[in-house]
Amino acid sequence: MDDFWERSKAPGFTPVPRVKPEESPGTPLEKAPDPELGHGIIDPRRYFSREFMQLEWQRMWTKVWLLGGREVDIPEAGDYLVTEIGPESILIVRQRDGSVRAFYNVCQHRGNRIRGCGIGTTGESLSFKCPYHHWEYELDGSYRRIPDIDTFPQGKPAHALTEIRCDTWGGFVWYTLNESPPPLLEYLEPLPRHLEPYNMHKMVQTRDITVEWDCNWKTSVDAFNETYHVQGIHPQLLWYLHDLDVQIDCYGRHNRYLIPFATLSPRVRKPPSIPEPIKTIMKAAGMDPADYDKPIGEIRRDVQRHKRAYGASQGKDYSRLNDDQLTDDFHYLIFPNLSLNVHADDFWIFRQRPHPLDPDRMFYDIMTFELVPDGKEWPERAEHKRWKHGDKTIGLVLDQDAENLPGVQAGMHSKGFKGLWIGAQELRIRHFHKVLDDYVYGPQGKPAGAL
Ligand code: FES
Ligand SMILES: [Fe+2]
């Protein structure tokens, strides 16, 4: 079984009806040609080697565009957010003229962090005072005041806060440590056209959680890049999604898969009544499952029809979404570290960030957003919370993923493990590692024997 189309001929496979690409008003649906990436193993040492971690930092993390935060979280001049990537901390600041600028979050006196992680405001001062000796900076990073400046015979440093590039798209602020990056929109190609039809700017943040996991950041990215493990560790999901009729599309740097929801996996026997998770989907759409007397296989299309008919009266604008988008999970990887589950009424971002020092640890950020119907009051955003894996639940499905990953990471170190043996359902993993190789090893390609 070489690819999705071959798989679709397998016994027991029931394809799901799909919207035709030419009938999609916004997000493209065409199947992208599968890249020719071979069948080789992926070297497990890249998941724990400190040398490879350094190469990633020098050649990839400091070259790509990264998600900083949400524009709506810093609406006024002096509002700021601090985000971390590997060993660096970044200060993103709303300016007096409404623009956004970003700086390394480090005081030029003796290197103190100017602000801690999170969202905040300078208040009326419109300045940042370093807590150590009170060197004070304007919103644009220039100096406002240095206490006892006459005791510095050399005067003040010629350089003030070190600025980095940032830009906005999709209601988010993005930044890059690359001094000559491609434009953000060019970097994100072709995803802006895919994601713009969703009303991301009309969604409120409902979860904002960071959990420390004992695995490499890529071990986690891989876990969200294939549906093959659904039958392994998430068997309950087989009662409301089709884990085999999954369209995989690899683009230049990024990729996606499209998973039909509100339908059964062909791996399960048809149940006598509608499974509870599908009932939940029906109720969320405003349908009453008790009234439904058609076969389960028709529910997905009927949920789509119902949302199409009643969305506008519920204050939800689905006009730029095709019918499949009203039920299905459109799942994108924005290279290198964002997994997006995008739905008509909500979207989730999972972000993997490397630990500053240890390739066997990482930070997993969960950000979820829900559509606020037109005319409804905008609720307060969720507060940020942070803990170590195991201290609290992050929900059944993500707990299942999280519990599995330290075991995978430990196995990567084993002398008995030769490398990742990747199948067609895991094509996105192969593509992700190829893009990573392109950054790490450049256009001349990976040298023989390299990780
Ligand atoms: S380190 Fe910031 S004022 Fe001294
Ligand atoms: Fe999973």
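Some observations on this one:
- The Kirkwood hydrodynamic radius of the range 142-188, based on inverse pair distances between different Cα atoms, is 13.8 Å.
- The packing ranking of peptides 149-157, 194-202, 93-101, highest mean first, is 194-202, 93-101, 149-157, where packing means the average number of other beta carbon atoms within 10 angstrom of each residue.
- The angle separating the long axis of helix 427-441 from the principal Cα axis of greatest extent in the chain is about 20 degrees.
- In this calculation the C-beta distance from Asp346 to Arg59 is compared with R0 = 25 Å, giving a FRET efficiency of 0.10.
- Pairwise FRET efficiency - Ser142 versus Glu22, Cβ, R0 = 45 Å, nearest 0.05: 0.25
- In terms of packing, defined here as the mean over residues of other Cβ atoms within 10 angstrom, the peptides 118-131, 45-58 line up highest first as 45-58, 118-131.
- Order of Arg113, Arg256 under a 10 Å beta carbon neighbour criterion, fewest first: Arg113, Arg256
- Cross-link reach list, lysines versus Lys388, counting only Cα pairs under 28 Å and skipping chain neighbours closer than eight places: Lys218
- Here the Karplus curve 6.51 cos²θ - 1.76 cosθ + 1.60, taken at θ = phi - 60°, turns the phi angles of the range 88-102 into couplings of 9, 10, 10, 9, 10, 10, 6, 8, 4, 8, x, 6, 10, 10, 10 Hz, with x standing for Gly and Pro.
- The label-point distance for Leu396 and Arg193, in a model that sets each label 7 Å from Cα toward Cβ, rounds to 3.9 nm.
- Principal axis extents of the Cα atoms in the range 274-401, from largest to smallest and rounded to whole angstrom, are 56, 33, 27.
- Ordering Glu88, Glu276, Glu377, Glu226 from the fewest to the most neighbouring beta carbons within 10 Å gives Glu377, Glu276, Glu88, Glu226.
- With N the number of residues in the chain, Rg(Cα) / (2.2 N^0.38 Å) evaluates to 1.06.
- Placing a label point 7 Å from the Cα of Arg386 along the Cα-to-Cβ line, the residues of the range 74-89 whose backbone N sits under 17 Å from it are 80-89.
- Added length on full extension, which subtracts the Cα-Cα distance from 0.36 nm per residue, Val72 to His201: 45.6 nm
- Overall form of the range 20-105 per C-alpha gyration tensor (a/c, 1.5; a/b vs b/c): oblate
- The distance between label points at Ala448 and Ile41 comes to 1.8 nm (points 7 Å beyond Cα on the Cα→Cβ vector).
- The range 165-201 and the range 388-422: distance between their alpha carbon centers, rounded to Å: 30 Å
- Under the simplified labelling scheme, the Trp378-Asn178 pair shows an inter-label distance of 3.1 nm, with each label point 7 Å from Cα along Cα→Cβ.
- Equivalent ellipsoid semi-axes, the range 159-235, via Cα gyration tensor eigenvalues times 5, rooted, Å: 29, 20, 15
- A straight Cα-to-Cα reach below 14 Å connects Lys385 with the aspartates and glutamates Asp208, Glu212, Asp365, residues fewer than 8 places away in its own chain not being considered.
- Rounded to whole Å, sorted largest first: equivalent-ellipsoid semi-axes of the range 106-212, Cα gyration tensor: 35, 18, 12
- Proxy reagent accessibility, fewest Cβ within 10 Å first, across Thr27, Thr263: Thr27, Thr263
- Hits among lysines - C-alpha to C-alpha of Lys307 under 20 Å, sequence gap 8 or more where chains match: Lys20, Lys202, Lys279, Lys283, Lys294, Lys316, Lys376
No lab work stands behind these numbers, since they all come straight from the coordinates. All values derive from a computational prediction rather than experimental measurement. FYI the Cβ positions are ideal-geometry reconstructions off the backbone, even for glycines, and counts take in every protein chain you see.
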